[in-house]
Amino acid sequence: MQLIQENPDRSSYLVADEVVDHHHPLVRETVARLAERAVDSYDYARMAFEFVRDAIPHSQDSGDLRVTWRASDVLGRRTGICYAKAHALAALLRAEGIPTAFCYQNLGVVHGLVAVRFRGAWHRQDPRGNKPGVDARFSLDGERLAFTPDATSNEMDCPVLYAAPHPVVLNALRAAPDRPHLWRTLPTAL
């Protein structure tokens, strides 16, 4: 699948905003902790991915009822669904100058991931969190995502790389008072 930048200006994939608040002290503190151990930007990106994937439980897996959507809240509360975890990873990567896009799969409901720009190309990464049957890994040599869409069930990868989280996703997160409500209102299309 060929990935398509929504915005041709690559600098738009480094922007901080209300969601990807990479200037927030907690985000900066996390960046500093990870960066001090990294040998290069690839190593940093892998460590940031593994941190979000492993140290921040997916709220459905952990049973956490809270809904987070801002990167600093995801890091501070240590919980989030796929979209929120993607926001946190994007903040950690963009803070270190690594272009990061938001991308999605339609798996009956919309699933969120990110794409990072390395070696002159975009590479999708899924920080959702592993569990039995899910083994996502950071990779630039072929995708190691949490899920593979089932074309026979009309599931699909969405090729567009967004500079900001899709409004449909963000609206669902912001409107949900808790995860059970969010689960009933997850977007089924972008």
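The values are calculated or read from the model by the stated rules, or taken from the named source; none is laboratory data. Predicted model, so just to flag it, every value in this text is computed and none were measured. Cβ placement follows ideal geometry from the backbone for every residue including glycine, while neighbour counts extend to all protein chains displayed.
Numbers for the structure displayed
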quantity	calculated
One residue from 84, 38, 95 being touching a Lys or Arg at 6+ places or on another chain (Cβ under 9 Å), among the aliphatic types (A, V, I, L, M) and either under 19 Å from residue 111 (Cα atoms) or surrounded by fewer than 15 Cβ atoms within 10 Å (Cβ to Cβ) (or both)	84
Near pairs, Cβ below 7 angstrom, 6+ apart or cross-chain, from the stretch 21-45 (hydroxyl-bearing (Ser, Thr, Tyr)) to any residue that is exposed (fewer than 15 other Cβ atoms within 10 Å of the Cβ)	42/118
Filter pass, residue 124 being surrounded by 14 or more Cβ atoms within 10 Å (Cβ to Cβ), modelled with pLDDT of 95 or more, assigned to a loop (DSSP other than H, G, I, E, B) and not aliphatic (A, V, I, L, M)	no
Qualifying positions in the stretch 110-119 - part of a strand (DSSP E or B) and of a type outside the set (A, V, I, L, M, F, W, C)	111, 112, 117
Selection status of residue 140, in contact (Cβ under 8 Å) with a residue 24 or more places away in the chain, touching a strand residue (DSSP E or B) at 6+ places or on another chain (Cβ under 7 Å), of a type outside the set (Lys, Arg) and farther than 21 Å from residue 165 by Cα	yes
Residue in the stretch 93-109 that is in a helix (DSSP H, G or I) and out of contact with any strand residue (DSSP E or B) (no Cβ under 6 Å at 6 or more places or on another chain) present	no
Criterion (farther than 27 Å from residue 157 by Cβ, touching a helix residue (DSSP H, G or I) at 6+ places or on another chain (Cβ under 7 Å) and at pLDDT 95 or above) met by exactly one of 39, 52, 27, 19	27
Identity of the residue in the stretch 160-190, of a type in the set (Lys, Arg) and either in contact (Cβ under 8 Å) with a residue 40 or more places away in the chain or under 18 Å from residue 77 (Cβ atoms) (or both), that ends up surrounded by the most Cβ atoms within 10 Å (Cβ to Cβ)	179
Selection from the stretch 127-142 of residues that are in a loop (DSSP other than H, G, I, E, B) and either buried (at least 17 other Cβ atoms within 10 Å of the Cβ) or of a type in the set (Lys, Arg) (or both)	127, 128, 129, 136, 137, 138
Count of the stretch 1-16 residues which are in contact with a helix residue (DSSP H, G or I) (Cβ under 8 Å, 6 or more places away or on another chain) and either assigned to a helix (DSSP H, G or I) or closer than 23 Å to residue 76 by Cα (or both)	4
